[in-house]
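Notes to accompany the following structure.
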Amino acid sequence: MTRREFVQATALAPAVAGMAGAAEDWRIFDRAMRWAQLTLVEDDPVKYDPKFWLDYFRRIRADAACLSAGGCVAYYPTKIPFHHRSAWLGDKDCFGELYEGCRKLGMLVLARTDPHATYQDVYDAHPDWIAVDAQGRKRRHQASPEMWTTCALGPYNFEFMTQVTREIASLYKVDGIFSNRWAGSGMCYCEHCQKNFKAFCGMDLPRSNNPQDPARRNYMQWNEQRLFELWRLWDGEIRKVNPNARFIANSGGGALSALDMRTIGELAPTLFADRQARRGLATPWEAGKNGKEYRATLGRKPIGGIFSVGVEEPYRWKDSVQSAAEIRLWVADGVANGLRPWFTKFSGTLHDERWLKPVEEIYTRYQRWERYLRNEEPLARVAVVYSQQTARFYGAGQARQKVEDHTLGMYAALIEARVPFEMVHDGLLDGNRIDRFKLLILPNVAALSEAQCGQLRDYVKRGGSLLATHETSLYDEWGVRRKDLGLGDLFGVEFKTPVEGPMQNSYLRLEHTTRHPLLAGLEDAPRIINGVYRLGVAAREKFAPPPITLIPSYPDLPMEKVYPRVEKTDIPEVYAREIGRSRIVYFPWDIDRVFWEVLCLDHGRLLRNAVEWATNEEKPVTVTGPGMVDVTVWRQTDSMTVHLVNLTNPMMMKGPLRELIPLPEQKVRVRLPEGKRARRVQLLAAGTTPRVQESAGAISLTVPAVLDHEVIATDF
Ligand SMILES: [Zn+2]
């Protein structure tokens with residue numbers, strides 16, 4: 001495919017996908033609510049006990065399984081040359097045996113393949129199947145050096161793995177084939193990649209990561225197009241054998257996702273977020289964030305959260321076991337955010353069994369709650385926009401994670417403010433996607449096209465509100481800086497000077513005479529700390545006196561010199577305005593990013609006030625009481641639910657939880673959907689029917705305590 005054909009194909013893609021989507025063939029996968037994955041290791045065929053696993057699947061009420069079949073190691077009697085059978089397989093069919101057992105339990109079954117590594121005999125016979133590094137050397141596998149890393153974009157995947165995929169789908173009536181590490185292991189400079197890339201754009205493969213380098217930019221497009229081509233190829237081959245079965249890629253994510261989530265949302269009938277546990281500085285609400293990100297492009301299709309039971313750090317202790325509390329909270333936050341649990345266990349021979357009981361408790365609990373977990377739609381009225389193009393083209397100059405810090409800060413502030421919210425993909429800003437929200441938040445969504453700015457302008461015309469920060473819309477979709485902010489007309493400001501910073505010892509003066517709602521709860525604070533980076537802008541519309549003004553940096557050493565040189569300026573550091581029914585708040589500084597870095601209470605309060613003022617309506621659910629809670633709200637066919645996930649824990653920001661500590665009493669007010677009456681209200685975890693006051697389309701109740709996860713289920 002040439003570049004021109006590619007552009008044409010991409011332009012047509014949504015229409016084609018729309019036709020395929022009409023069949024709703026994802027409904028098959030919608031049956032599954034609790035997944036079990038067993039990834040066999042090569043010597044399992046003579047060591048492990050399949051009956052133990054089938055019994056465990058039955059006991060925990062798992063209704064779907066993902067089982068090792070082929071690729072790196074074949075666990076069935078394959079006939080394909082170079083498809084490496086387990087050296088311990090003998091005349092057994094391990095995959096077939098587990099497949100049959102799961103079918104008897106009524107489970108959906110996916111066959112797992114992993115094509116990323118291969119052996120010396122493949123290297124000898126097909127040296128061109130092996131990935132090549134920038135110096136032209138064939139790449140040994142990083143962890144198993146007797147093996148070789150394969151090229152994902154050449155004949156190994158397109159020919160050999162296509163044969164494997166076809167063979168598995170033909171021998172077993174699986175519901176799909178799930179492929180792990182199918183999308184390559186970084187840049188490949190093999191002969192096929194060189195030749196195919198040249199045919200695509202006439203260039204040599206890039207040697208830099210700079211997205212403004214034309215070769216790099218073309219590579220990003222080509223790599224993605226090639227992988228989606230592979231996805232469609234494998235999906236098509238599977239469906240030729242069994243029209244109801246599908247290819248399920250282990251791919252996807254948020255702004256940092258390697259593949260375009262919009263296209264994934266069109267192609268995938270179901271998708272699973274492979275974030276197996278927390279590591280490093282990761283919060284427990286990141287499980288739920290995956291759910292919001294996946295739902296943004298998959299919509300109503302079922303999505304799941306893959307969790308492991310082990311300690312997840314770069315040192316990869318694959319046979320380890322986490323504390324029960326840690327596993328429970330990670331899964332709970334995913335479930336509260338619409339992810340169906342999928343446990344993954346490597347090795348059929350267990351070296352540590354401590355996880356078995358906690359996972360059984362988690363699964364049987366969610367099986368009891370199943371009716372109330374079959375969500376039709378979230379009822380959140382606020383959404384955070386995430387932008388892969390901003391991460392790719394604007395963020396590439398910085399550490400990639402830095403771009404995401406704006407989103408993480410906004411996310412943390414919304415959790416603290418107990419605002420139920422969704423996420424929205426910047427490629428899906430059409431009215432039927434975003435009009436369900438009263439407020440869209442743009443956390444430094446720097447790269448936006450003219451068309452995207454136009455969609456946001458239309459959204460505001462229809463009464464939608466915006467909260468935006470920092471360099472939002474200052475760059476086009478390729479990360480090239482504009483002369484002025486693309487959304488300057490909505491923010492009411494124009495661009496003046498590039499980003500200043502890092503600023504030391506700078507403050508914000510709170511102008512309480514304005515009595516602006518943004519300052520609520522900060523009445524006793526004459527000033528608060530500033531952010532670290534600010535964009536220079538000036539008003540282009542008439543604003544009321546600003547509620548927040550700049551106190552410029554002054555020396556922070558020697559201590560004798562630490563006094564403000566300028567006590568007061570008239571430089572606004574927030575622009576808040578109303579256009580018709582819409583309210584717009586724009587912070588030219590990095591309030592969200594610095595909230596993530598510093599977690600200053602004042603910034604959190606300011607963000608909460610900004611969200612509440614701009615939304616300008618009562619939240620769908622208001623939860624009052626001490627502690628940190630992730631609050632989500634959902635509608636099912638005949639009911640609605642409010643999930644409370646108790647995040648209050650000394651290990652909330654890092655490290656595995658030691659224990660669950662009950663959240664104290666919370667007062668909850670839930671707005672009922674238009675025209676609905678509450679027929680019955682239950683607390684699912686407590687197993688009680690609380691006393692409820694109903695008035696003016698809302699119910700009020702008290703939740704006495706939450707250990708990890710409580711659901712207020714209201715039947716209509
Ligand atoms: Zn290659």
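The share of accessible area on the range 201-296 that comes from carbon and sulfur is 46 percent, using a 1.4 angstrom probe.
Gap in Å between the Cα centre of the range 570-613 and the Cα centre of the range 157-209? Cα centroid of the range 157-209 versus Cα centroid of the range 570-613: 45 Å apart. When the listed pairs Lys47/Lys173; Lys104/Lys676; Lys51/Lys173; Lys79/Lys240 are checked against a 30 Å cut-off, the alpha-carbon distance exceeds it for Lys104/Lys676.
Thr469 sits among other residues whose Cβ lies under 12 Å from its own Cβ, and their net charge, with Lys and Arg +1 and Asp and Glu -1, is -3.
Annotation: amide H of Arg340 within the under-5 Å range of Ile303, Gly304, Gly305, sequence separation 5 or more or interchain, hydrogens built in the peptide plane.
Enumerate the whole-percent occupancy of each 10 Å bin, from 0 to the last occupied one, for all C-alpha pair distances of the range 630-716. Binned Cα distances yield the sequence 17, 47, 25, 10, 1.
Here the calculated FRET efficiency for Phe716 and Thr364, from their Cβ-Cβ distance with R0 = 22 Å, stands at 0.25, rounded to the nearest 0.05.
Between the range 125-143 and the range 90-110, the alpha-carbon centres lie 34 Å apart. For Thr150, nonlocal amide neighbours, meaning residues 5 or more places apart or on other chains whose placed amide H falls under 5 Å from its own, are Ala117, Thr118, Ala131. Principal-axis analysis of the Cα atoms of the chain puts helix 3-21 at an angle of about 90° to the longest axis. Restricting the calculation to Cα atoms, the range 399-451 shows an Rg/Rh of 0.98 when the hydrodynamic-style radius is the Kirkwood one.
Give the separation of the Cα centroids, the range 320-399 to the range 654-716, in Å. Value for the Cα centre distance between the two parts: 21 Å. Note on Asn432 and Glu617: with the Förster distance fixed at 22 Å, the Cβ-Cβ geometry gives a FRET efficiency of about 0.60.
Rolling a 1.4 Å probe across the protein heavy atoms gives the chain an accessible surface of 40 Å² per residue. Element breakdown for the range 370-479 at a 1.4 angstrom probe: carbon and sulfur atoms account for 47% of the accessible area.
Against the main long axis of the alpha-carbon atoms of the chain, helix 324-336 sits at an angle near 70°.
Near the amide H of Asp484, within less than 5 Å, lie no amide hydrogens of residues on another chain or at least 5 residues away, with H placed in the peptide plane. For the range 80-167, a Kirkwood hydrodynamic radius built from all Cα pairs, placed in the Stokes-Einstein relation at 25 °C and 0.890 mPa s, yields a translational diffusion coefficient of 166 µm²/s. Using the average count of surrounding beta-carbon atoms within 10 Å as a protection proxy, the listed peptides 521-527, 422-428 rank, highest first, as 422-428, 521-527. Of the trypsin sites (Lys or Arg not before Pro) found in the range 301-397, those that fall in a DSSP loop while having at most 11 other beta-carbon atoms within 10 Å are Arg316. Given axes a ≥ b ≥ c from the Cα gyration tensor, I'd like to know whether the range 365-516 is rounded (a/c under 1.5), prolate (a/b larger than b/c) or oblate. Prolate. Rounded to the nearest whole Hz, the Karplus-based 3J(HN,Hα) values (6.51 cos²θ - 1.76 cosθ + 1.60, θ = phi - 60°) of the range 466-476 follow the sequence 10, 10, 10, 10, 6, 8, 3, 6, 7, 10, 7, with x at glycine and proline.
Between Glu377 and Arg457, the modelled labels are 2.8 nm apart [label points 7 Å from Cα along Cα→Cβ]. Mind checking the log10 I(q)/I(0) for the chain at q = 0.08, 0.12 Å⁻¹? Debye, one equal scatterer per Cα, no solvent, two decimals. Here log10 of I(q) over I(0) equals -0.67, -1.43. Would you mind classifying the range 177-285 by shape? Square roots of the alpha carbon gyration tensor eigenvalues, ordered a ≥ b ≥ c; an a/c under 1.5 is rounded, otherwise it is prolate if a/b is larger than b/c and oblate if not. Oblate, since a/c reaches 1.5 and b/c is not below a/b. Under the rule a/c < 1.5 gives rounded, and otherwise a/b versus b/c splits prolate from oblate, where does the range 564-716 land using the Cα gyration tensor? Note, shape of the range 564-716 comes out oblate. A Cα-only calculation for the range 252-369 places Rg and Dmax at 14.4, 40 Å. For the range 299-307, backbone phi angles converted through the Karplus equation (6.51, -1.76, 1.60; θ = phi - 60°) give residue-by-residue couplings of x, 7, 4, x, 10, x, x, 7, 10 Hz, Gly and Pro being listed as x. Of all DSSP-defined beta bridges confined to the chain, some 55% are antiparallel rather than parallel.
Rolling a 1.4 Å probe over the protein heavy atoms of the range 676-716, with every protein chain left in place, gives an accessible area that is 46 percent carbon and sulfur.
The values are calculated or read from the model by the stated rules, or taken from the named source; none is laboratory data. Small disclaimer: the values here were computed from a predicted structure and weren't measured. Every residue, glycine among them, receives a Cβ derived from its backbone with ideal geometry; neighbour counts consider all protein chains shown. When the accessible area is computed, the model is the full protein with side chains, heavy atoms only, and any ligands, DNA or RNA have been set aside. Shrake-Rupley method; radii C 1.70, N 1.55, O 1.52, S 1.80 Å.
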